[in-house]
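Encoded as structure tokens, the structure appears first; notes follow it.
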Amino acid sequence: MDELPIIQHTYDLIKWYVPILNRLPKTYKFTLSDRTINGLYNLLEGLIIARYAKEKITHLEALNIQLSILRYQTRLLLDFKLVQTNRYEYAVKLINEIGTELGGWIKQQSQR
């Protein structure tokens, strides 16, 4: 299947990030960890839905909000000292790449 790069990048982020989140201490398992994981899966599902939607812009703008929430959740992991700095930086790099692609997609759709 010919996949959009943003969908593949989100898939790759999930593959890398979820095992890390699943190893968080129990104290954070049902709060930050599960919420972040659900947000990642919702982002992937939303991108797939947007790909096939007739009116994409509404979906994409909602996904942009979800991505912003994911950024804050990731920053909390660092602030709570739950991830090493290098893992945080790598996660942020991946999230920012997805954000750039999403921003480009939103811009392209709003010009239609």
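This structure gives Cα Rg over 2.2 N^0.38 Å, computed directly, and of (i) 1.04; (ii) 1.39; (iii) 1.09 that value is listed as (iii).
Can you tell me the FRET efficiency between Arg87 and Phe30 if r is taken as the Cβ-Cβ distance and R0 is 22 Å, rounded to the nearest 0.05? It comes out at approximately 0.55.
For segment 5-87, chymotrypsin sites (Phe, Trp or Tyr not before Pro) meeting the loop criterion (DSSP other than H, G, I, E, B) and having at most 14 other Cβ atoms within 10 Å: Phe80. Of the trypsin sites (Lys or Arg not before Pro) found in segment 42-74, the ones in coil according to DSSP and having at most 12 other Cβ atoms within 10 Å of their Cβ are Lys54. Cβ-Cβ distance of Lys107 and Leu76, R₀ of 25 Å, FRET efficiency by 1/(1 + (r/R0)^6): the value works out to about 0.30. Close lysine pairs were tallied over the chain: pairs 8 or more places apart or on different chains with Cα atoms under 17 Å apart number 5. Rounded to the nearest Å, what's the spacing between the alpha carbon centres of segment 66-100 and segment 1-50? Just the number, please. Segment 66-100 and segment 1-50 have Cα centres spaced 12 Å from each other. Shown in residue order for segment 25-30 are the 3J(HN,Hα) couplings computed by the Karplus curve 6.51 cos²θ - 1.76 cosθ + 1.60 at θ = phi - 60°: x, 3, 3, 10, 4, 8 Hz (x for Gly and Pro).
A short reminder: the numbers here are calculations on the coordinates, not readings from a lab. Every value quoted in this text rests on a predicted model; they were computed, and no experiment measured them. Glycine gets a Cβ as well: all are built from the backbone with ideal geometry, and neighbour counts include every protein chain shown.
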